[in-house]
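Below is one structure; the comments refer to it alone.
Computed from the coordinates by the stated procedures, all read-outs in this text should not be read as laboratory data. A quick note: this is a predicted structure, and the numbers were derived from the prediction, not measured. Note that we place each Cβ from the backbone using ideal geometry, even for glycine, and neighbour counts take in every protein chain shown.
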Amino acid sequence: MVDFITGPLFVVSLVIFVVGMLARVFWYVNGLDWRLERVAYRYHANRSIAGIFASIFKWLIPGGTDGWRTQPVAAVLFFLLHFGAVLVPLFLLGHTVLLERYVGITLPSLPGTLADIFSVMSIVAIVLLAVRRMISPALRQLNSGGDWLVLLLTFLPFATGLMARLDMSAYQSWMLAHVLSGELFLILAPFTKLSHIVLFFMSRAQLGMDFAIKRGGATRGGAFPW
Ligand code: HEM
Ligand code: HEM
């Protein structure tokens, strides 16, 4: 069973993840209005490219946008979560070995202790983000089952991966739970809001182009500082 879930099932999950994410990108671009959007973006390529980089870059640095500055606590939690969420799945030694074997790409790997620290940071952030979802009146209005699913799908591989590292006496069982929850994450990501892993870049790029071309953002250093 271990051979099956770390072999064929892993490959199937990875294929669903990659193809699913590419499909989301394709549908995003396909859904753009050719008159209102495509023509303007192409015609003003010099402004739109500056707008893309400004918008993405500003959202990737803490405090880089009004959106982050007006919610400092939430911003800290998002960054606390995302250091681990982005770096650990890609650069953990246990993961890079698998990617090398099945995909043939060799990525550098994180030192074990650093990976542990990132994982703990991510888990703390997930728990606090869940608390925020329960106590913030605005979020209580907006919350949907899908939002909880995204938090759960992210929490499970982190919690079981960390337990496999810490609780050596039950290593096999934690690893089994970890690989299955990791695969569930990969399979469901394209169908849930986890698709923001790619769609974040699409929508930020689009808004960056829009503001740089149509709303005077180019006069403010490439884009509005929104
Ligand atoms: C480079 C890739 C990524 C970027 C740029 C990114 C960006 C973001 C942003 C901006 C938000 C906040 C959305 C809001 O305003 O509510 C968010 C939320 C979230 N992200 Fe990511 N993300 C990335 C990758 C990931 C990955 C790989 C995971 C999981 C392993 C993840 C898990 C989450 C979760 C669970 C939330 C929701 C938190 C909540 O419920 O409040 N993200 N992400
Ligand atoms: C899909 C198949 C996956 C497989 C086969 C897999 C495999 C592994 C392996 C072999 C380890 C190392 C355990 C050790 O050091 O002994 C590990 C740890 C870990 N994995 Fe995964 N993983 C998968 C998916 C994921 C995903 C999707 C995430 C996060 C979204 C994740 C997060 C983690 C974390 C946080 C650790 C512990 C890191 C630490 O504390 O140092 N894994 N995984």
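Between R35 and K214, the FRET efficiency from the beta-carbon distance, with R0 = 22 Å, is close to 0.95. Of the residues I117, S169, H82, the one whose Cα sits farthest towards the positive end of the charge dipole of the chain is H82 (charges of +1 on Lys and Arg Cβ, -1 on Asp and Glu Cβ, taken about the Cα centre).
Per-residue Karplus couplings for segment 187-193, computed as 6.51 cos²θ - 1.76 cosθ + 1.60 with θ equal to phi - 60°, are listed in order as 5, 8, 3, x, 9, 10, 5 Hz, Gly and Pro entered as x. Stretching L22 away from E100 to a fully extended chain increases their span by 26.0 nm, per 0.36 nm per residue minus the current alpha-carbon distance.
Specify the angular offset, from 0 to 90 degrees and rounded to the nearest 10, of the alpha carbon long axis of helix 93-102 from the longest principal axis of the alpha carbons in the chain. So the helix axis and the longest Cα principal axis differ by about 80 degrees.
Computed from Cα positions, the angle between helix 196-214 and the longest principal axis of the chain comes to roughly 10 degrees.
In this structure, the amide hydrogen of L92, modeled 1.01 Å from its nitrogen in the peptide plane, lies closer than 5 angstrom to those of L110, counting only residues at least 5 positions away or on a different chain.
Values of log10 I(q)/I(0) for the chain across q = 0.15, 0.17 Å⁻¹ run -1.15, -1.33, by the Debye formula with one identical scatterer at each alpha carbon and no solvent. Round to the nearest 10 and give me the degree value, 0 to 90, for the angle of helix 145-166's Cα axis relative to the longest principal axis of the chain. The helix 145-166 is inclined about 40 degrees to the chain. Taking a Cβ cut-off of under 15 Å around L14, the surrounding Lys, Arg, Asp and Glu residues balance to a net charge of -1, with basic ones at +1 and acidic ones at -1. Think of it as helices only: each DSSP H run of n ≥ 4 in the chain is worth -39500 (n - 2.57), and spread over all residues that comes to -24500 deg cm²/dmol at 222 nm. For the pair R132 and I5, a Förster radius of 25 Å applied to the C-beta separation gives a FRET efficiency near 0.15, rounded to the nearest 0.05. Taking all Cα pairs closer than 8 Å and separated by 6 or more residues, the relative contact order of segment 2-217 comes to 35 percent.
Charge dipole of the chain (Cα centre as origin; +1 on each Lys and Arg Cβ, -1 on each Asp and Glu Cβ, all else neutral): 1000 debye, rounded to the nearest 20.
Residues with beta-carbon under 13 Å from that of L199, excluding L199: net charge, scoring Lys, Arg +1 and Asp, Glu -1? Before the final figure, lay out each step's value.
Details: positive: R24, K193, R204; negative: none.
My count for the surroundings of L199 gives +3.
When R101, R47, R35, R132 are arranged by Cβ crowding within 10 Å, least crowded first, meaning fewest neighbours, the order is R35, R101, R132, R47.
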